[in-house]
Amino acid sequence: MPTLGSYFDSDSVSICQLNDSVCRFTTLNSKDLSISSQPWPALACFSQSKVTVVFSIIRLFPSVKQRTQVIDLLKSVQDLTRPSPGCVGCWLSEEDYANSHIRYAEQWESEEALHNHIRSDLYRRVLNAMELSKRAPEVGFYRASDKQGFELIETVRGEAKQPSSWQPG
């Protein structure tokens with residue numbers, strides 16, 4: 001499933017992916033740990049199906065002195081992980097100076113792909129970055145195993161289905 005684009009801020013990760021000619025936005029909100037997946041209205045999806053997506057989100061709290069070292073470690077992991085089988089994407093957010101933390105996130109097509117990554121030598125760099133955190137890192141793994149299509153929008157908005165002649169425009 002190719003990733004067309006992504007947006008990562010201090011509260012959420014949003015990813016736009018193309019699958020069977022349908023764009024889908026998947027958003028993980030880190031404040032309430034909610035995951036939502038919506039079709040892009042211009043290219044709506046009209047059927048439900050099951051998917052499994054696994055997000056890994058790690059918050060690290062390095063000292064000012066070790067911040068650059070942690071960022072360099074995670075950037076090296078990010079660059080080498082992206083082309084890995086089953087990796088959908090990796091994001092590094094280092095701009096939250098107010099909370100003095102770094103957030104590193106990965107999205108995987110399956111738990112098996114994530115587990116293979118965690119067992120890899122490359123993941124030792126992530127563990128090394130965690131060891132440089134001045135307080136216990138916050139580590140979370142989130143599974144999204146449900147996806148809904150256009151019918152969710154219809155249900156929530158209480159609108160009738162689009163006529164079959166409707167073309168995204």
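The values are calculated or read from the model by the stated rules, or taken from the named source; none is laboratory data. Note that the coordinates shown come from a computational prediction; the quantities given were computed from them, not determined experimentally. Note: ideal-geometry Cβ built from the backbone for every residue, glycine included; neighbour counts use all protein chains shown.
Checking CYS45 against (1) surrounded by 12 or more Cβ atoms within 10 Å (Cβ to Cβ); (2) part of a loop (DSSP other than H, G, I, E, B); (3) modelled with pLDDT of 50 or more: exactly one of these is not met. Which one?
Of the numbered conditions (1) surrounded by 12 or more Cβ atoms within 10 Å (Cβ to Cβ); (2) part of a loop (DSSP other than H, G, I, E, B); (3) modelled with pLDDT of 50 or more, the odd one out for CYS45 is (3).
Report yes if SER76 is modelled with pLDDT of 95 or more and over 16 Å from the mean Cα position of the chain (by Cα), otherwise no.
Criteria met by SER76.
Condition first: among the acidic types (Asp, Glu) and either on the phi > 0 side of the Ramachandran plot or touching a Leu at 6+ places or on another chain (Cβ under 8 Å) (or both). Can you find one or more residues in segment 104-114 that meet it?
Yes, some residue in segment 104-114 is among the acidic types (Asp, Glu) and either on the phi > 0 side of the Ramachandran plot or touching a Leu at 6+ places or on another chain (Cβ under 8 Å) (or both).
Could we say that GLU106 is acidic (Asp, Glu), closer than 20 Å to TYR142 by Cβ and modelled with pLDDT of 95 or more here? Spell out how you get there, then give the answer.
Numbers: acidic (Asp, Glu): yes; closer than 20 Å to TYR142 by Cβ: yes; modelled with pLDDT of 95 or more: yes.
When the stated conditions are applied, GLU106 passes them.
Can you pull out every residue in segment 133-146 that is assigned to a strand (DSSP E or B) and either over 18 Å from the mean Cα position of the chain (by Cα) or aliphatic (A, V, I, L, M) (or both)?
Answer for segment 133-146, where residues must be assigned to a strand (DSSP E or B) and either over 18 Å from the mean Cα position of the chain (by Cα) or aliphatic (A, V, I, L, M) (or both): SER133, VAL139, ALA144.
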